[in-house]
1. Specify the longest stretch of the chain that does not include any exposed loop site, a site being one of the GluC sites (Glu not before Pro) with a non-H, G, I, E, B DSSP assignment and at most 16 other Cβ atoms within 10 Å.
2. Looking only at region 124-259, where both bridge partners belong to it, what percent of the DSSP beta bridges are antiparallel (to the nearest 5)?
3. Over the chain, how many percent of alpha carbon pairs lie in each 10 Å bin up to the one with the longest distance?
4. Of 235, 154, 197, which is farthest towards the positive pole of region 124-259's charge dipole, taken about the Cα centre with +1 and -1 on the beta-carbons of Lys, Arg and Asp, Glu respectively?
5. Just to be sure I understand the model, the point goes 7 Å from the Cα along the line to the Cβ. What's the resulting residue 241 to residue 268 distance in nm?
6. Given only helices, namely DSSP H runs of n ≥ 4 each adding -39500 (n - 2.57), what is the per-residue ellipticity at 222 nm of the chain, to the nearest 500 deg cm²/dmol?
7. Roughly how far apart, in whole Å, are the Cα centres of region 213-266 and region 169-210?
8. Which of the helices in the chain, when you take each full DSSP H run, stretch at least 24 Å along the axis at their Cα atoms and have an average Kyte-Doolittle score of 0.0 or higher?
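Bear in mind that the values in this text are calculations on the coordinates, not laboratory data. Given the structure is predicted, the values throughout are model-derived calculations rather than measurements. Cβ coordinates were reconstructed from backbone atoms using ideal geometry, including for glycine residues, and neighbour counts include every protein chain displayed.
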Amino acid sequence: MLQQNRILSRLLTGAILALGLLLSGTGPASASKLVFIGTGGVTGVYYPTGGAICRLLNTERRVHGVRCAVESTGGSVYNIINVLNGDLDFGIAQTDVQWKAVNGKGKFTEKAEKLRSVFSIHSETAALVVRADSGITRASEIKGRKINLGNIGSGQRETSQDVLKVLNLTEADLKLAGDISSSDQGVALADGRIDGFFYMVGHPNEGMKDIFYMVKARLIPLSGPGFEQLVKENNYYVNSKTPGGIYRGVSEDVPTFAVKATLVTSSNVPDEIVYLVVKSVFSDLERFKALHPAYANLTAKSMLEGLSAPLHPGALRYYKEHGLK
């Protein structure tokens with residue numbers, strides 16, 4: 001049923017876009033290609049990020065004939081799998097999940113030979129959010145508790161496994177290893193169905209703000225020798241912090257680690273399509289940065305960091321033309 005709804009949604013999107021183009025009199029060339037970007041839950045940063053990329057690409061659609069649409073998905077793992085099988089043209093994925101796909105680790109039993117990098121975007125910090133009345137004050141105290149690890153197919157779920165290893169825990173050590181989506185975990189926390197949840201998130205995040213207003217909660221530090229070793233052994237992780245003053249009740253910075261969100265594609269996607277996507281963002285970077293607070297510190301240089309998969313030739317062409325290494 002889920003797959004049928006997805007197919008129907010795509011058909012309707014394509015039909016609406018085609019009708020709009022016909023009514024606007026832009027001609028058949030403008031409807032020559034419709035590309036989809038896989039994102040994440042609608043309350044996260046991935047969904048508006050896909051929307052921001054599409055907005056810039058669609059600005060010149062009458063010139064280049066490419067139309068872009070976003071699709072809300074399960075997240076990083078789902079996006080990479082569906083980019084590789086051709087159901088998505090592009091997908092947003094965490095750097096750690098991208099690395100595991102390229103190297104055939106984690107959920108990926110084979111190396112993703114066709115996966116290609118386009119650019120990286122904002123940083124995402126690892127957050128462990130718990131109810132204030134849960135009694136949990138340290139990460140190690142989640143043992144025997146109801147903790148949401150993230151829905152199947154999400155980068156959140158994948159990264160939470162690394163956190164459990166640092167804590168010398170497995171899912172069996174939790175009273176509940178939840179698979180609730182990021183859009184539903186706040187309500188589950190408020191209702192008491194879970195004691196806490198892991199979340200990979202760019203800040204500030206409106207969904208997180210809502211959660212901290214919905215229920216009294218606290219952020220638990222993910223720091224110490226074990227996490228220092230995790231960062232040292234995995235170059236897709238960096239030490240980071242969740243800034244204080246963003247969420248209700250969190251007045252001071254909370255130490256943690258982070259990854260980057262990246263845009264990926266497949267070697268099967270034409271060079272010209274990828275080139276146009278990169279050009280639409282990099283040639284109007286200030287406008288892109290203004291579309292979400294999480295992009296405030298982006299630079300052209302930082303958007304080429306943290307990429308594990310080879311660059312797509314279409315992206316590489318743009319970077320060479322503009323002297324970006």
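1. Looking at the chain, 114-251 is the longest stretch - no exposed GluC sites (Glu not before Pro) with at most 16 other Cβ atoms within 10 Å.
2. Antiparallel bridges: around 75 percent, rounded to the nearest 5.
3. 6, 27, 34, 22, 10, 2, 0
4. Farthest towards the positive end: 197.
5. My value for the distance between the label points is 4.6 nm.
6. For the chain, the value works out to -11000 deg cm²/dmol.
7. Taking the Cα centre of each part, region 213-266 and region 169-210 sit 15 Å apart.
8. Going by DSSP H runs, the hits are 2-24.
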